[in-house]
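Undergrad: Have a look at this one before I ask anything.
The values are calculated or read from the model by the stated rules, or taken from the named source; none is laboratory data. Only a predicted model underlies this, so the values are computations on that prediction, with no experimental measurement involved. Cβ: placed from backbone, ideal geometry, glycine included. Neighbour counts: every protein chain shown. Side chains included, ligands, DNA and RNA excluded: accessible areas come from the protein's heavy atoms. Shrake-Rupley method; radii C 1.70, N 1.55, O 1.52, S 1.80 Å.
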Amino acid sequence: MLKLKIVSPEKILYDGEADIVKVPGVMGEFEILNNHAPIVSALQKGNVEYGLNGERSNFAIVGGFVEVLKNNVSLCVERE
């Protein structure tokens, strides 16, 4: 299980658990699953998708950053 926190300059968009996170990395979209290797990556314009137990949520971003460390996923994103 992942601990996911998504923030924008305006507010916290999500703070909870997820079993999958998809992000638009600058080198292409990638998925973050349980026990993902540590990573810090810039994000480009695209969609962020996350879910838990088969339920999915998504929204568009224009950029940001993601950090993954020990099943903690932090996204700092800018929305249109």
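Undergrad: If the Cβ limit is 7 Å and pairs must be 6+ apart or interchain, which residue in the range 1-19 that is on the phi < 0 side of the Ramachandran plot pairs with which residue that is among the small types (Gly, Ala, Ser)?
TA: Here the result reads LEU2/ALA18; LEU4/GLY16; LEU4/ALA18; LYS5/SER74; ALA18/GLY51; ASP19/GLY51, each pair linking the range 1-19 to a residue that is among the small types (Gly, Ala, Ser).
Undergrad: Here are some conditions: (1) at pLDDT below 95; (2) open to solvent by less than 50 Å² (accessible area, probe 1.4 Å). ILE20 meets all but one. Which one does it not meet?
TA: Single failed check for ILE20: (1).
Undergrad: Also: Mind checking which residues of the range 45-80 are buried (at least 16 other Cβ atoms within 10 Å of the Cβ) and over 17 Å from ALA18 (Cβ atoms)?
TA: GLY46
Undergrad: While we're here: Given (1) touching a Cys at 6+ places or on another chain (Cβ under 9 Å); (2) assigned to a loop (DSSP other than H, G, I, E, B), where does GLY64 come up short, assuming only one miss?
TA: Just one mismatch for GLY64, condition (2).
Undergrad: Still on this structure, I have one more. I'd like to verify a number: residues in the range 43-59 that are without any contact (Cβ under 8 Å) to a residue 40 or more places away in the chain and touching a Gly at 6+ places or on another chain (Cβ under 7 Å), how many?
TA: 3
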